[in-house]
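Worksheet for the structure shown next.
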Amino acid sequence: MEDFETRPAYFEGKFIPLKDANLNIRTHALQYATAFFGGMRGYFNASKNNLYVFHLEDHHRRLRQSAKILQFHWKMPFEEFREITLKILREGNWRENCYMRPFVYKSDLSMSPRLHNVEDKFALYAIPLNDYLDTKRGLKAQVSSWVRLSDNQIPARAKATGGYINSALAKSEALENGFDEAIFLNQHGFVCEGSAENLFLVRDGVLVTPGYNASILEGIIRRTVIEIAQSMGIKTVERDISRTELYVADEVFFSGTGAQIAWIESIDRRIIGDGKMGSVTSKIREKFFQIANAEAPEFNHYLTPVY
Ligand code: PMP
């Protein structure tokens, strides 16, 4: 057993070792994927000997939005969410980069897929995590043969567990075809997002990304990227992107809590730009890591120090 599995998780209203936080196989969320979740990162800064949770408040807000869309009862106030998160990290004495998974699941054992009148519960655990995608080299991406779920099917905005079957189909297809990651088109045939990342391209110095009406998850790092760009005087446009515009872009990169800023070297075997990390990606990436590691004081409001 890994050391972190003996550290506390929050489960059924209590703090217990992660290894003991287990569900009944009859749980509604397991049968019908009636759950939604978040993914948050903690960055450990060794010189400051402190761990910083990135965007805690934004994650709470998005979870509350998911609850609303999916008819969950969960209305945990931010203060309580914050206290639970900090307690897990402090009592687990986390002093390394980590990933926290808050999730809310339909916890009763009743039959029938529905959302109303089913009890739900909140859980949270942490695991160690450095890179999720390799951010030091360029990624090889593939436009997926799987189409992104639309807002009228399983809304990506709600970060619903069930929607991740769509992501899993695309990710496995990409990996088994020798690529690193998938890029979804949406139901209108426009570029959407990766299996677990938002997507940006750069053309003539302008940052372009699909808008909130493109069936994307409203990514927290997507917003951070737009803010970083703004602070550097780089213009961002949110609009539809066609598949072949990816091929002729100067730069393309993914953003996300897991992915961080991950640059894409080729898409469908077409080299992007000159096949190197572009200057806009590189500037945004550098700033991103400064912010996350508490080395950009003007962005410190995004960080919650644990100690
Ligand atoms: N899209 C999808 C489908 C995701 O799973 C994620 C990861 N949460 C993202 C985009 C990026 O979102 P965020 O920046 O909030 O991590």
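The values are calculated or read from the model by the stated rules, or taken from the named source; none is laboratory data. Only a predicted model underlies this, so the values are computations on that prediction, with no experimental measurement involved. Using ideal geometry, Cβ is built from the backbone for each residue, glycine included, and neighbour counts are taken over all protein chains shown. Keep in mind that these areas ignore ligands, DNA and RNA; they rest on the heavy atoms of the full protein, side chains included. Shrake-Rupley method; radii C 1.70, N 1.55, O 1.52, S 1.80 Å.
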Some residue of region 208-222 being in a strand (DSSP E or B), away from the ligand (no atom under 14 Å from the Cβ), of a type in the set (A, V, I, L, M) and closer than 14 Å to residue 261 by Cα: no
Filter result for residue 227 (acidic (Asp, Glu) and open to solvent by 40 Å² or more (accessible area, probe 1.4 Å)): yes
Residues of region 90-109 classified as in contact with a helix residue (DSSP H, G or I) (Cβ under 8 Å, 6 or more places away or on another chain) and either among the β-branched types (Val, Ile, Thr) or in a helix (DSSP H, G or I) (or both), total: 1
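Do you know which residues across region 191-207 are more than 10 Å from the ligand (Cβ to nearest atom) and among the acidic types (Asp, Glu)?
Correct list: 204 only.
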Tally, over region 272-307, of residues that are more than 23 Å from residue 244 (Cα to Cα) and part of a loop (DSSP other than H, G, I, E, B): 6
Every residue from region 141-190 that is of a type in the set (A, V, I, L, M, F, W, C), open to solvent by less than 60 Å² (accessible area, probe 1.4 Å) and more than 13 Å from the ligand (Cβ to nearest atom): 141, 143, 174, 179, 185
Cross-chain or 6+ apart pairs with Cβ under 6 Å, region 133-158 first and under 19 Å from residue 173 (Cβ atoms) and small (Gly, Ala, Ser), then at pLDDT 95 or above and part of a strand (DSSP E or B): 141/181; 141/183; 141/264; 141/267; 144/182; 144/184
Test result for residue 272, open to solvent by less than 20 Å² (accessible area, probe 1.4 Å) and within 21 Å of the chain's Cα centre (by Cα): no
Those residues of region 2-41 which are open to solvent by 20 Å² or more (accessible area, probe 1.4 Å), modelled with pLDDT of 95 or more and either part of a loop (DSSP other than H, G, I, E, B) or at positive phi (or both), in sequence order: 7, 12, 13, 21, 22, 23, 24, 25, 26, 33
Qualifying residue in region 201-213 (condition: of a type in the set (Val, Ile, Thr) and open to solvent by 30 Å² or more (accessible area, probe 1.4 Å)): yes
Members of region 230-269 that are open to solvent by 50 Å² or more (accessible area, probe 1.4 Å) and either among the acidic types (Asp, Glu) or under 16 Å from residue 174 (Cβ atoms) (or both): 238, 240, 243, 250, 269
Residue 112 being loosely packed, with under 14 Cβ neighbours inside 10 Å and assigned to a strand (DSSP E or B): no
Matching residues in region 213-238 - criterion: being under 16 Å from residue 254 (Cβ atoms) and basic (Lys, Arg): 222, 223
Total residues in region 115-149, condition within 19 Å of residue 32 (Cα to Cα) and outside any strand (DSSP E or B): 6
